[in-house]
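Undergrad: Right, I'll just put the structure down here and ask away after.
The values are calculated or read from the model by the stated rules, or taken from the named source; none is laboratory data. Note that the structure is predicted; figures quoted are calculated from it, not measured. Using ideal geometry, Cβ is built from the backbone for each residue, glycine included, and neighbour counts are taken over all protein chains shown. Ligands, DNA and RNA are stripped out before the accessible areas are found, and what is left, the full protein with its side chains, is counted by its heavy atoms. Shrake-Rupley method; radii C 1.70, N 1.55, O 1.52, S 1.80 Å.
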Amino acid sequence: MRKLMMISLLFGIFSIMYACAEVKAPLNPNGDSELALLMREMYEEGMLMKAGLDDGQRLKGNIDYEKILTAAATEPEKAASADYKAFAATYLDAVNKLNASDYPEYDHAYVRMVDACEDCHRALCPGPLVKIEKMKRKNFQTE
């Protein structure tokens with residue numbers, strides 16, 4: 001009986017450890033802001049768009065991009081600045097043009113969207129620049 005209880009206890013402990021291992025920890029040790037989570041979603045969607053372009057497909061964005069104007073930020077003072085608002089407006093314009101473009105212009109619109117990400121992050125928050133670089137199309141020539 002005691003052996004059965006020990007086996008059950010060990011099974012329970014291992015089950016809990018396995019379940020906990022499946023939970024993704026936040027990237028920021030202080031927690032992830034709403035804006036950081038949104039931008040990670042935007043990155044993932046951008047990478048899907050890039051893959052689509054590489055395969056000759058046009059994908060539309062499915063995220064509520066307008067939330068970049070209202071999402072709680074890790075550093076609220078930066079998101080409240082006139083610079084951030086101007087960069088956000090430029091980015092939103094690029095996304096709207098991307099979503100409205102026909103395939104021949106879609107490549108250019110995608111590049112402009114990625115450039116808008118890069119411009120903002122160069123000025124305000126350089127950490128994600130490495131990831132943004134991955135969004136670029138290496139063999140694409142801008143005019």
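Undergrad: Taking the condition at pLDDT below 95 and open to solvent by 30 Å² or more (accessible area, probe 1.4 Å), does Ser15 pass?
TA: Yes; evaluated as a whole, the condition is true for this residue.
Undergrad: Given the conditions (1) closer than 21 Å to Asp32 by Cα; (2) of a type outside the set (D, E, K, R); (3) at pLDDT 95 or above, and given that Thr74 satisfies all but one, which numbered condition is not satisfied?
TA: Result: Thr74 passes all but (3).
Undergrad: Here's another thing I want to ask about it. Look at the stretch 116-141 and say how many of its residues are open to solvent by less than 60 Å² (accessible area, probe 1.4 Å) and among the acidic types (Asp, Glu).
TA: Qualifying residue count for the region: 1.
Undergrad: Any residue in the stretch 46-67 that's closer than 20 Å to Lys131 by Cα: show its pairings with residues that are open to solvent by 40 Å² or more (accessible area, probe 1.4 Å) and among the basic types (Lys, Arg) at Cβ separation under 6 Å, as long as the two are six or more apart or on different chains.
TA: none
Undergrad: So which pairs qualify, if the first residue must be in the stretch 125-138 and closer than 19 Å to Ser33 by Cα, the second must be among the basic types (Lys, Arg) and modelled with pLDDT under 95, the Cβ gap must be under 9 Å, and the two must be at least 6 apart or on different chains?
TA: Pairs found: Cys125/Lys78.
Undergrad: On to the next question. Just a yes or no: is a residue in the stretch 84-98 more than 17 Å from Met42 (Cα to Cα) and open to solvent by less than 30 Å² (accessible area, probe 1.4 Å)?
TA: no
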